[in-house]
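Remarks on the structure that follows.
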Amino acid sequence: MYNIAIDGPAGAGKSTIAKKVAKELSFVYVDTGAMFRSMALFMLRNEISLEDVDAVAKACEEINITISYIDGEQQVILNGENVSGLIRTEQVGNAASKIAVYAPVRTKLLELQRELASKENVIMDGRDIGTAVLPNAQTKIYLTASSKERARRRVEQLALAGTSADFDEVEADIIKRDEQDMNREIAPLRQAEDATLIDSSDMGIDEVVAAIIDCYRKNQ
Ligand code: DC
C-alpha cells in the first residue's frame, strides 16, 4: 500500500488539502484528529475529568471507535453512534488536545490507524503520523502556516458560517493548542526527519495540493 502522512499544527489546512489530494490520487483520506475528537466527546458527555489520567484510562476501556465512509467522507462511529456531526466544535477540539497526551488514549487509536493504512492507499493527517503511526510512509509532509495566517483563516471560516470571532482570541487559542501538541511527552507534534516542509502562509490551496502530488510522484 502507498501511504502519505501529513502532520502539522491546528488550522494549517491539513484536512482541506488532504481531501483534495485523496480525490486526485483516488486514495482514502483518514482524519485521525476526528478519532481523538470522538474520544473527547465521550469524556465530555460522561463528565470525566480531562485532568484525571486514571479516569480517562478507565473510560478508554468503554470506548469502541470504528470508521466508515459515506460518499467518500469519513464517518467516526463511537460505540455504534455516528458522531461525525458533533465533533467539530472548539470545545471538543481543545478537549481532544488535552486527552491526546495520555498513553491509553493514543494506544487505543494507534492500532486502528495502522490497520486502515495497511489495507488501502491512504493519505492520513494528524500530529504524529510521519513520526509514530506510519514511520514507513512513502511520502511525508509537514504542513504549517504562521499563527497569524491560521487565525485569519479561522476567523474567515467562522464569518462564513455566520459567527463573529475576535482575532486575538482565536490566535491565542491556536498558540495554546500548538504548545500542548508540541510539548507533550508521547508522540508530540514535530516534523519527521524525512518529511518535506510546506509553509502555506503565502500559498493557495491548489498550490499546496500540487506540491504534495509532486512529492508523491518523486517518491513513487
Ligand atoms: O486535527 P484536529 O484539530 O482535529 O485534532 C484535535 C486534537 O487531537 C489535536 O489538537 C491533538 C490531537 N491529535 C493528536 O494528538 N494526534 C493526531 N494524530 C491527531 C490529533
Expected output for segment 88-113 (first residue near the ligand (Cβ under 9 Å from one of its atoms), partner of a type in the set (Ser, Thr, Tyr), Cβ below 6 Å, 6+ apart or cross-chain) is Gln113/Thr32
Restricting segment 104-121 to residues that are under 17 Å from the mean Cα position of the chain (by Cα) and over 13 Å from Ile67 (Cα atoms), the one surrounded by the most Cβ atoms within 10 Å (Cβ to Cβ) turns out to be Val105
Segment 22-81, residues that are among the charged types (D, E, K, R), assigned to a helix (DSSP H, G or I) and under 15 Å from Ala103 (Cα atoms)
Asp54, Lys58
Per-region count, segment 5-34, residues away from the ligand (no atom under 11 Å from the Cβ), closer than 21 Å to Thr66 by Cα and either touching a residue at least 12 places away in the same chain (Cβ under 8 Å) or surrounded by 24 or more Cβ atoms within 10 Å (Cβ to Cβ) (or both):
4
For segment 153-173, indicate whether the set of residues that are under 25 Å from Ile4 (Cβ atoms) and among the polar types (S, T, N, Q) is non-empty.
yes
Condition (residue is within 12 Å of the chain's Cα centre (by Cα), closer than 23 Å to Val208 by Cβ and within 13 Å of the ligand (Cβ to nearest atom)) applied to segment 56-75: is it met by at least one residue?
no
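Every number in this text was worked out from the coordinates using simple rules, so none of it is lab data. Only a predicted model underlies this, so the values are computations on that prediction, with no experimental measurement involved. Positions of Cβ are backbone-derived with ideal geometry, glycine not excepted, and every protein chain shown enters the neighbour counts.
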